[in-house]
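The values are calculated or read from the model by the stated rules, or taken from the named source; none is laboratory data. Everything quoted here is computed from the prediction, not taken from an experiment. Here Cβ is always computed from backbone atoms with ideal geometry, including for glycine, and neighbour counts include all displayed protein chains. Quick note on the areas: whole protein, heavy atoms, side chains included, nothing else; ligands and nucleic acids left out. Shrake-Rupley method; radii C 1.70, N 1.55, O 1.52, S 1.80 Å.
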Amino acid sequence: MGDPEHLFYKWGGGMDTDFPRIRRAYDEFLVTEDGRELVDAAAGAAVVNLGHSVPGVADVASGQLDEVSYLSLSHFSHDAPEELAESLATAAPGDLNAAFFVNSGSEANETAFKLARTYHRKTGNPHKNTIIGRWQSYHGATLGALSATGNTTRRSEYEPMLHGWPHISPAYPYRWSYDGTREEQAIAAARELETTIKQEGPETVAAFVAEPVSGASIPAAHPHPAYYEEIRRICDEYDVLFIADEVMTGFGRTGPMFAMERFDVVPDMMTLGKGLSGGYAPISATLVRDDVAAEFENGSGQSFAHGHTFGGNPLSAAIAAHIVDQYTDAVLETGRKRGEQLASELAPLQEHPIVGDVRHAGAMIGIEFVADRDTKAPFDPDLNVNKRVYDRALEQGVYTYPGSGSVDGIAGDHLMLTPPLTIGEESIERVADAVIDAVEGVADAVGPNAPQ
């Protein structure tokens, strides 16, 4: 047994952390050292989309280790990354046919930003270097990705080190104040991008980045399809590349293989991670449309001066290629059915006094907590409502994904559920029962009828 004293935990776990110690995992379960089985209703961090027991991974890894585990793609090539790139090009919408491999979602977004900058330089627009993001978004922990991120909690400590890139309002229909139909509201929200581009100066804006369906900052929030149709129009008009951050939403999480398919819009770049390897190896990718990639072909001038040591290494690529093959139509359909079942099981929360919104996109559920349903007022952040719900659910053997700051970066409590697409029906029932009980228990302590 290792000594936790020497492990530097993130998010304040500290060296004296009392986190549950996991001995093994299988299917949708995490097994603690004392033999307790937890349902992994978060799929780790929305990573193990296929659960913890994908068949064949050990054989693929062993075979690749016997052949070659590492190569620098700066000087060599190999079947594994080439085959993975081909699989992704086949699965991706439109003409997103070129894949640049790195190791994490943060790196995939950094790659997209740098690629956008270099692309515009190559096409005669050297001043286009600004990336526009959205508030309450998350694109990664590295400084460039964090600069585009709109999650206040994650940004605040490092604000002096970040680019001063602009942000527009999130695609957050529950809290939109626009008038009109859902479609009209979506178009009005999207037009904030056009206003911001004009204010910044179109000659300076390189790209716009967005999570097609919001992830951990505003779980499962998503607009009417007219939103992304208008985003695509605006980006085309002002020569701004549209980057869809599908690190969390890709690989069946929101129903189709990729969330952008929900909106029938093809971005210029799409960043992938998490479900790409299902948690079995560190790997991510930036997919690029043909017309953008063409500017980087041999002999076309400036190269793309970017890369990471382990990007596209054969071992990770071989494992990821095997995982991608498992996302069959049947598996995606199962994920949609399990998402529908979970949403149905959680129906009692729709009218709960401390629940303002229950959002659903495939196998991604977002539950937003409010102190007042009529005004949508959030709880005082000091009450830690999201953490209380998380703790109570965990006591009942269900691991979820809590979060805060959805309203203004500070206030706003929510819970995200992103179980494996392959989770069993009985486990779905167990998740719903635990979450409902946890919400009711927390409401007794902090809700409108709680003792004063």
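Numerical summary
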| item | result |
| --- | --- |
| Extreme residue, positive dipole direction of the stretch 62-137, given options A108, S69, S137 (C-beta unit charges) | S137 |
| The stretch 110-234: C-alpha gyration tensor shape, a/c 1.5 cut-off, then a/b vs b/c | oblate |
| Cross-link partners of K114 among lysines (Cα-Cα below 20 Å; sequence separation of 8 or more within a chain) | K122, K128 |
| Contour excess over end-to-end distance, with Cα ends at F8 and T309 and 0.36 nm allotted per residue | 106.0 nm |
| Ellipticity estimate at 222 nm from DSSP helix runs (n ≥ 4, -39,500 (n - 2.57)) divided over the chain, nearest 500 | -10500 deg cm²/dmol |
| Other-chain or far-sequence residues with amide H under 5 Å of G356's (modelled H) | E368, F369, V370 |
| Heavy atoms of W135: accessible area, 1.4 Å probe, square angstrom to 10 | 100 |
| Eligible aspartates and glutamates near K387 by straight Cα distance, threshold 16 Å, same-chain separation 8 or greater | D18, E368, E395, D413, D437, E440, D444 |
| Surface share of carbon and sulfur [accessible, 1.4 angstrom probe, percent] for the stretch 24-156 | 50 |
| Sparsely packed trypsin sites (Lys or Arg not before Pro) within the stretch 152-247, loop by DSSP, other Cβ within 10 Å at most 10 | none |
| Difference of contour (0.36 nm per residue) and Cα-Cα distance, Q396 to L162 | 80.2 nm |
| Gyration tensor (alpha-carbon) shape descriptor, the stretch 297-452, a/c threshold 1.5 | prolate |
| Virtual spin-label span in nm between D59 and T142, 7 Å along Cα→Cβ | 3.5 |
| Rg followed by Dmax, in Å, when the stretch 1-124 is reduced to its Cα trace | 19.8, 62 |
| Lys/Arg +1, Asp/Glu -1 at C-beta; the stretch 4-128 dipole; positive extreme among A92, L38, G56 | A92 |
| Farthest positive-ward along the chain dipole, Cα basis, beta-carbon charges - from T254, I436, L193 | L193 |
| Surface accessible to a 1.4 Å probe, per residue, for the residues of the stretch 130-220, Å² | 40 |
| The stretch 301-380 versus the stretch 399-452: alpha-carbon centroid distance in Å | 15 |
| Förster-model FRET efficiency, 22 Å R0, A330 and E425, C-beta, rounded to 0.05 | 0.90 |
| Simple label model, 7 Å out from Cα along Cβ direction - E192 to D34, nm | 4.6 |
| The stretch 282-361: GluC sites (Glu not before Pro) in DSSP loop, at most 13 other beta carbons within 10 Å | E297 |
| Sites matching chymotrypsin sites (Phe, Trp or Tyr not before Pro) across the stretch 68-101 that sit in DSSP coil, with at most 14 neighbouring C-beta atoms within 10 Å | Y70, F76 |
| Helix runs (DSSP H) in the chain reaching 30 Å along axis by Cα, Kyte-Doolittle at least -0.5 | 425-446 |
| Carbon plus sulfur fraction of accessible area for the stretch 299-371, probe 1.4 Å, in percent | 50 |
| R182-H75 pseudo-label distance in nm [points 7 Å out on the Cα-to-Cβ vector] | 5.6 |
